[in-house]
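What follows is a set of notes on a single structure, which appears directly below.
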Amino acid sequence: DASDGKVKIGILNDQSGVYADFGGKSSYEAALMAVEDFGGKVLGVPVEVITADHQNKADIASNIARQWYDTEQVDSIMELTSSSVGLAVQALSKEKKKITINTGAATTELTGKQCSPYGFHWAYDTHALAVGTGGALVKQGGDSWFFLTADYAFGYSLEENTGNYVKENGGTVVGSVRHPLATTDFSSFLLQAQSSGAKVIGLANAGLDTSNAIKQAAEFGIVQGGQRLAALLFTLAEVHGLGLEAAQGLTLTEGFYWNRNEETAKFGKRFMERTGKMPNMVHAGTYSAVLSYLKAIEKAGSDDGDAVSKELRALPVNDVFAENGKVAENGRMIHDMYLLEVKKPDESKEPWDYFKVLATIPGSDAFIDPAKSGCDLVKS
Amino acid sequence: MKPLLKVSGLNAWYGESHILHGVDMTVGEGEMVTLLGRNGVGKTTTLRSIMGIVRNRKGAIDFSGEDLIKVPLHRVAHRGLGFIPEERGIFSTLSVYENLLLPPAVAKGGMTVDEIFELFPNLHERRNSPGTKLSGGEQQMLAIARILRTGVRMMLLDEPTEGLAPVIVQRIGDVLKTLKERGMTVLLVEQNFRFASKVADRFYLMDHGRMVGEFPVSELSDRMGMLHDVLGV
Amino acid sequence: MTMIFGIPLQAFLGQLLIGLINGSFYALLSLGLAIIFGLLRVINFAHGAQYMLGAFFAWMLLSYFGIGYWPALIVAPLAVGLVGAVIERTMLRRLYTLDPLYGLLFTFGLALTIEGTFRYLYGASGQPYATPAALAGGTNLGFMFLPVYRGWVIAFSLVVCIGTWLVIEKTKLGSYLRAATENPILVQSFGINVPFLLTLTYALGAALAALAGVLAAPIYQVSPLMGSNIIIVVFAVVVVGGMGSIMGAIITGYLLGVAEGLTKVFYPEASNIVIFVIMAIVLLIRPAGLFGRDV
Amino acid sequence: MTLTLDIDKPREKKPVVAQTIFLAAGLALLVLAPLFFYPVFLMKLLCFALFACAFNLLLGYTGLLSFGHAAFFGGAAYFTAHAVKEWGLPPELGILVGVAGAAFLGAIIGFLAIRRQGIYFAMITLALAQMFYFFCLQAEFTKGEDGIQSVPRGHLFGFIDLSQSANMYYFVLGVFIIGVAIIWRIIHSPFGMILKSIRENETRAVSLGYSVRNYKLAAFVMSAALTGLAGGVKALVFQFATLTDVSWQMSGEVILMTLLGGIGTLIGPLFGAGLVVTLQNYLATSEFPVTIITGLVFMVCVLLFRRGIVGEFYNSRLGRKLGFEHRH
Amino acid sequence: MTAVLPEQNGAPRVVLSARGLRRDFGGFTAVNNVNLDVHDARVHALIGPNGAGKTTVFNLLTKFLQPTDGTITLLGEDITRMAPDKVARMGLVRSFQISAVFPHMSVLENVRVALQRPNGLATQFWKPMSALDGLTAKADHLIRSVGLDKERNAVAADLSYGRKRVLEIATTLALDPKVLLLDEPMAGMGHEDVGMVAEIIREVARERAVLMVEHNLSVVSTLCHHVTVLQRGEILAEGDYAEVSADPRVRTAYMGTEEA
Ligand SMILES: Nc1ncnc2c1ncn2[C@@H]1O[C@H](COP(=O)(O)OP(=O)(O)OP(=O)(O)O)[C@@H](O)[C@H]1O
Ligand SMILES: Nc1ncnc2c1ncn2[C@@H]1O[C@H](COP(=O)(O)OP(=O)(O)OP(=O)(O)O)[C@@H](O)[C@H]1O
Ligand SMILES: [Mg+2]
Ligand SMILES: [Mg+2]
């Protein structure tokens, strides 16, 4: 049974920095919704959710996590946006035998070389994004690519993964250009992409960089010129910030879209009422993670880290976020991803009605085969 | 003679140090008065307090019927008072010419730029160089010249001859005499006793933040003893 | 086809032009910085935040009051200038007599506060701002497709830069301002209302930053982070140019914009550090900066 | 626990007793602190305090405002983490690698930056440190935005197990005390006196025959090396090194700590660091956005408490009675 | 009246000499073709109207400015390309026309800082402050000799202008220079200080070379053995005071009609 008369979940993420829209305070709200939907109690004890802003600093995140575990009886920590924070807190939690479920960070390292028996990766990762956008788009005819790549590891791995899928599916990569992080002016790069004649311009970057690139692509008439833009890490929240005028025609991959079916729409509207915005895959993923965690506790009959992580791996995930999702040995939750296209302004029927679903990418394609992930928890 | 400036009971402080202890003095319209005193007795402070640069002051400073204590610094010049500081205050980012034209004219009757250049040919020659690239002496000329343009009624001059070549000192002496003929009132602080004795109508002697003596130029020879005691002349 | 350094002449010209656009922002921003620094001896770390404010005000005018680009081009800088004036009057002014580093630290805090507030209110991912209808679209120059709006940015920023330079270097107001930076008390004793002048200056500098912000709004995502991203680069521009000269700040702004633009073609990985590298080289060869006066 | 900074203003009698009592009490507090506070929190505090003290060596005593000290702090963290994790060096050697690396970086950045003075100096250090940030972002060994993770703490001198929180704490405390002692010695040395005179009037110092550039560079490198000491230790405390520590925001933070505690006071930065670290921790779970509060604290501090906490204390009636003084 | 050369065995030695010294600022030539020999045990005056280039010559000799042309030799060594601090370490020390002190240090500290280098106590960052105690006695001696004892513990910024000048001379002397360059040392000083400083200079010059700029002609006439008159950057006249002051060109260019 529950160790200390309650089950406590911490939502630790960036609430004031660059990722504040990506997950932020709304992820906390998503977690609360999950607890309510579960009934507020598990094993007869109340479930409590607390939250903190790690300000994008691994040391602050690590400090808070430690204090939560040691003095606040927190049982698990979720969300954990940004790779350095995700890896640091997962490593710490491994030492403390506590569960982390990451819904915010992109790195495949979490379930790769640095995997942990207590660490789970829920919503997406760089691999899934690459497969989604790279693989599926080629099938739709986008068979020659030019990459605009952020000049650091994250960008490279997106470019490399995506490029591989493009080639695997019979496409070609005609070129790429690396731009520094936090570039404001993309026109030089866009001109190069334009003159390359590639059918798809892949944006292997994130956040404001992607937004600015898309905005300026519209200015230079790139989409009108017949080229297609594909953003490799971009979600509903950022599309909202950019506006449909600039974002129309953009292709991207997410693990969730609120207007995909009735159930997701219902969830979206509830979420909207509480936060003023529609959920993206991080929010919905956090909801799903909390829900699954509580189910696992109930099944295990205890909130002990070992027992719960065993149950988490055993239980299928079936909720508004994932259908028939399952957790692999390395901690990766495997579920379907969606290739989405941003609607034209006149196609959008209601607020936040932004995407058309172009394709569904089955989880088994989207995520790395656990046996090849490099995680030593997987017996090969 | 009608007094133009009448200072009474002036006290002044720098931070906590009390520098002036009740200075009393009057300067008549068109008069040239020299303030003598050793280093550090408060001569500069007296001028700065009259001008309002030292704000921490008490007493009365009557300038042609108005108490300057209440006048904000940037209005004082418009009352007809010009100040030439000891350290000259030439601006390095302005050319000599711009320096010269900087102070706004506050009244009619100032010298024209041509007259000024005639008086100080060096300035004319160097008029386009940055102000502080002038030699020390040239800077002093510029500082005086600058005020001459504005048409003030009274100048407060702090050690104008310091660091000047004897010819220039003479020339400045001549300028002061010319100005006096035009009706300018001058309060002069001077270490160069010889120079002061040639231009001044009257002397004040200062010690430890107070006036300790006052006499007209005619009594100069009788007062040498006292001057010797106070100044070491 | 004629080639230059292995790329077609056409593309080369295109990139040159694009560099000039970037340079327009650097020039406007470093101009404002140089004015504030030149006159107040304050390194205005909040300059980036004021640039961001300009863009945000334009966006707010549009989305809350329906006021479009053209009025915003005047209203937003005025509003930011006013904010600047209030800040100068109530706070910055107390720091003039102190070591200049306090001015830097104060404006650093100011920048954090402004940026933090907007991030808190509007999130980090930014707001859209559409190109004004009159300037939408583009023309084909033969060697590149030039969005009309970008052409406008170059032209307008040039006019503003040169106009500002004329005011400061060639007018009486300018010489008051320059003198007041060196010895405010003395200038005041000449009968000039220096405190007012300083307020005006800071307001002017802030307004220039805001103007750059409004110009940027249709090109870049209007985001709370846009200021801090650019400010460090602008600092480097200012070091390269030497702060002594207003014209120097302007010319260096354009030059470095072009240098950065060309690096994006030849060696894109280095395009964010090229300005810093140039700065280091200039420091080695001419420590006072390209247009700086000898210390 | 307070030492006056003022290098040898001729004092007739010093109330040495009071100061010794302060010092002893302070040390005792630090030794006993883990009983009352969270050890990792304390370790973090000590690392930042040492960082701020090292920074203050430059700002407070040489008058050079560096806006790029994060490069040395974060750089050393990377170097130490890499040396310990990839090369398998013991912690003490790993830290030395960090210190050496930071000193080397300091020599390069310092060499360029000391060519200008005042705020130019600040801007140049900022720009160069930003360059280093981009380097770290792209370099292979830093692992990009993941950071170097799971750095082993290892055994100090081969036999003290640093994975024990108590051992680690006293190790960090030891490093902190040594670091501060070194700084104290530098400030109160003939060399420190020359630094002070350079700050006061550079031209005069040249005309007295002092090669100002060499002195400034030496001070810069010393400050960078001590900063590296703090950064290296921090990497071991948290067992990772990430981009945060090389970002310009970190350079801003250390300035805030120093300012808050008291520029030019030896132990002021300790209090400043304590306050900033506590604030960040507290704000993490509060409604207030951290950046706004940090910014406001900065502004208020510059406007109202320029002397900082310790500086204000020294300057208060009580402080002066106890024989402290602060001339800055 | 002209000072009499001290008795010497043989001719006095030239310690500092400049040949063909020239300096342009933009298009303006501030110093042109100046030849100068400064001798041991002599006081050499450099006079001339304002803007003649005296301070510039000082800046050139001490290497605070690079000459456009010409050579400078100090104690037989060519220093034309040397850094200013190095020149100072060789024993050529100057004072400044606008006084230069360390404002927030006490008078004692000001003097002691100057004493540190010649006594080899400048780079020791590992030694305690008490290492400097040995210099205090020397410093006090210097302070007394210039009559600053009352202000010994005062902060330099609080001194009056004239007192700062005196302090500057004390720090200059502390370096025990071989050649002393004084730029208007008496400017802004009261009468008794003028006398005292003159006495100090006379004393110093018994064993060292002194080159000074001074407008106070009575000081020049009583103190200096040799006078060089500069005008518009060039040497107008040279000789002892009597010769120079009799030169009609000097009288019109500099001295005017006034008697010294
Ligand atoms: N800014 C200041 N702060 C504190 N004390 C000052 C300041 N300026 C001057 N003093 C002190 O005030 C006293 C009077 O100074 P003041 O400059 O008025 O003297 P002075 O008579 O003009 O001397 P001098 O002939 O040397 O110029 C001196 O003791 C001086 O040390
Ligand atoms: N850095 C500089 N740039 C341009 N011109 C300069 C510079 N320094 C000096 N000058 C000019 O060179 C000339 C000589 O100046 P200098 O200061 O040597 O004169 P000086 O003989 O010392 O005069 P004074 O007796 O007035 O101090 C002056 O006309 C001055 O304007
Ligand atoms: Mg005076
Ligand atoms: Mg001179």
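The values are calculated or read from the model by the stated rules, or taken from the named source; none is laboratory data. Keep in mind that this is a model prediction, so the values were computed, not measured. Note that we place each Cβ from the backbone using ideal geometry, even for glycine, and neighbour counts take in every protein chain shown. These accessible areas exclude ligands, DNA and RNA; they are computed on the full protein's heavy atoms, side chains included. Shrake-Rupley method; radii C 1.70, N 1.55, O 1.52, S 1.80 Å.
For the reader, a short list of remarks on this structure follows.
- Within segment D:132-161, if we keep just the residues that are surrounded by 20 or more Cβ atoms within 10 Å (Cβ to Cβ) and among the aliphatic types (A, V, I, L, M), the residue that is nearest to the other protein chains (Cβ to nearest Cβ) turns out to be D:Leu137.
- All of (1) away from ligand 2 (no atom under 15 Å from the Cβ); (2) within 14 Å of another protein chain (Cβ to nearest Cβ); (3) modelled with pLDDT under 85 hold for B:Arg146 with one exception: (3).
- For segment B:26-42, filtering for residues that are open to solvent by 10 Å² or more (accessible area, probe 1.4 Å), modelled with pLDDT of 90 or more and within 13 Å of ligand 3 (Cβ to nearest atom) leaves 0.
- B:Val23 part of a strand (DSSP E or B), more than 14 Å from chain C (Cβ to nearest Cβ) and surrounded by 18 or more Cβ atoms within 10 Å (Cβ to Cβ): yes
- Taking (1) under 28 Å from A:Asn205 (Cα atoms); (2) open to solvent by less than 50 Å² (accessible area, probe 1.4 Å); (3) in a helix (DSSP H, G or I) in turn, A:Ala307 satisfies each apart from (1).
- Residues within segment A:341-366 that are in contact with a Phe, Trp or Tyr (Cβ under 9 Å, 6 or more places away or on another chain) and either assigned to a strand (DSSP E or B) or under 22 Å from A:Ser157 (Cα atoms) (or both), tallied: 9
- Matching residues, segment B:179-233, being within 16 Å of B:Leu5 (Cβ to Cβ) and assigned to a strand (DSSP E or B): B:Thr185, B:Val186, B:Leu187, B:Leu188, B:Val189, B:Arg202, B:Phe203, B:Tyr204, B:Met206, B:Met211, B:Glu214
- When E:Leu159, E:Leu167 are checked against the criterion of being among the hydrophobic types (A, V, I, L, M, F, W, C) and modelled with pLDDT of 85 or more, a single residue qualifies: E:Leu167.
- The residue list B:Arg75, B:Arg48 contains one member that is open to solvent by 40 Å² or more (accessible area, probe 1.4 Å) and within 16 Å of ligand 1 (Cβ to nearest atom), which is B:Arg48.
- Out of E:Arg112, E:Arg89, E:Arg144, E:Arg81, sole residue that is at pLDDT 85 or above, open to solvent by 50 Å² or more (accessible area, probe 1.4 Å) and at the interface with chain D (Cβ under 8 Å from one of its Cβ atoms): E:Arg89
- Residues that are modelled with pLDDT of 85 or more, open to solvent by less than 20 Å² (accessible area, probe 1.4 Å) and within 12 Å of ligand 2 (Cβ to nearest atom) occur at least once in segment B:136-143.
- Qualifying residue in segment B:160-169 (condition: surrounded by 23 or more Cβ atoms within 10 Å (Cβ to Cβ), touching a residue at least 60 places away in the same chain (Cβ under 8 Å) and either away from ligand 4 (no atom under 16 Å from the Cβ) or away from chain E (no Cβ under 13 Å) (or both)): yes
- Considering residues of segment A:132-159 that are in contact with a Ser or Thr (Cβ under 8 Å, 6 or more places away or on another chain), within 10 Å of another protein chain (Cβ to nearest Cβ) and over 25 Å from A:Gly221 (Cα atoms) only, the residue most open to solvent (accessible area, probe 1.4 Å): A:Tyr156
- Whichever residue in segment E:45-56 is within 12 Å of chain B (Cβ to nearest Cβ) and more than 9 Å from ligand 4 (Cβ to nearest atom) and, among such residues, is modelled with the highest pLDDT: E:Ile47
- In segment B:46-68, the residues that are part of a helix (DSSP H, G or I) and either more than 10 Å from every other protein chain (Cβ to nearest Cβ) or within 16 Å of ligand 4 (Cβ to nearest atom) (or both): B:Thr46, B:Leu47, B:Ser49, B:Ile50, B:Leu68
- Among the residues here, D:Leu42 does not qualify as under 26 Å from D:Ile255 (Cβ atoms) and not in a helix (DSSP H, G or I).
- If you go through segment C:222-260 and pick out every residue that is touching an Asp or Glu at 6+ places or on another chain (Cβ under 8 Å) and either facing another protein chain (nearest Cβ under 10 Å) or among the basic types (Lys, Arg) (or both), you end up with 3.
- Scanning segment A:219-238 for residues that are farther than 13 Å from C:Gly123 by Cβ, facing another protein chain (nearest Cβ under 9 Å) and not charged (D, E, K, R) returns A:Phe220, A:Gly221, A:Gly225.
- Any hit, segment B:121-134, residues being of a type in the set (D, E, K, R), open to solvent by 20 Å² or more (accessible area, probe 1.4 Å) and either within 18 Å of C:Gly191 (Cα to Cα) or not in a helix (DSSP H, G or I) (or both): yes
- Looking across segment D:38-56, the residues that are modelled with pLDDT under 90 and of a type in the set (Phe, Trp, Tyr) come down to D:Tyr38, D:Phe41.
- Taking the criterion of being within 14 Å of chain C (Cβ to nearest Cβ), open to solvent by less than 10 Å² (accessible area, probe 1.4 Å) and in a loop (DSSP other than H, G, I, E, B), the residues of segment A:160-215 that qualify are A:Pro180, A:Asp185, A:Phe186, A:Asn205.
- Pairs with Cβ under 8 Å, 6+ apart, first in segment E:34-61 and within 20 Å of B:Gly163 (Cα to Cα), second within 16 Å of ligand 1 (Cβ to nearest atom): E:Asn50/B:Gly136; E:Asn50/B:Gln140; E:Asn50/B:Gly163; E:Asn50/B:Leu164; E:Thr55/B:Gly136; E:Thr55/E:Gln97
- Of the helices (runs of 4 or more DSSP H) lying entirely inside segment E:131-227, those containing at least 3 residues that are of a type in the set (Gly, Ala, Ser) and farther than 25 Å from B:Thr161 by Cβ are E:133-145.
- Selected residue (criterion: farthest from ligand 2 (Cβ to nearest atom)) from residues of segment E:162-211 that are surrounded by fewer than 19 Cβ atoms within 10 Å (Cβ to Cβ) and facing chain B (nearest Cβ under 10 Å): E:Glu192
- Taken over segment D:172-199, the criterion of being free of Cβ contacts under 8 Å to residues at least 60 places away in the same chain and buried (at least 19 other Cβ atoms within 10 Å of the Cβ) is satisfied by D:Ile182, D:Ser189, D:Pro190, D:Phe191, D:Ile194, D:Ser197.
- Scanning segment E:21-67 for residues that are more than 12 Å from ligand 2 (Cβ to nearest atom) and part of a loop (DSSP other than H, G, I, E, B) returns E:Asp40, E:Ala41, E:Thr62, E:Lys63, E:Pro67.
- The one condition in (1) touching a strand residue (DSSP E or B) at 6+ places or on another chain (Cβ under 9 Å); (2) within 16 Å of ligand 3 (Cβ to nearest atom); (3) within 30 Å of E:Leu16 (Cβ to Cβ); (4) of a type outside the set (Gly, Ala, Ser) that E:Leu175 fails to fulfil: (2)
- Meets criteria (within 14 Å of chain B (Cβ to nearest Cβ), away from ligand 1 (no atom under 15 Å from the Cβ) and within 25 Å of E:Asn50 (Cβ to Cβ)) for E:Val219: yes
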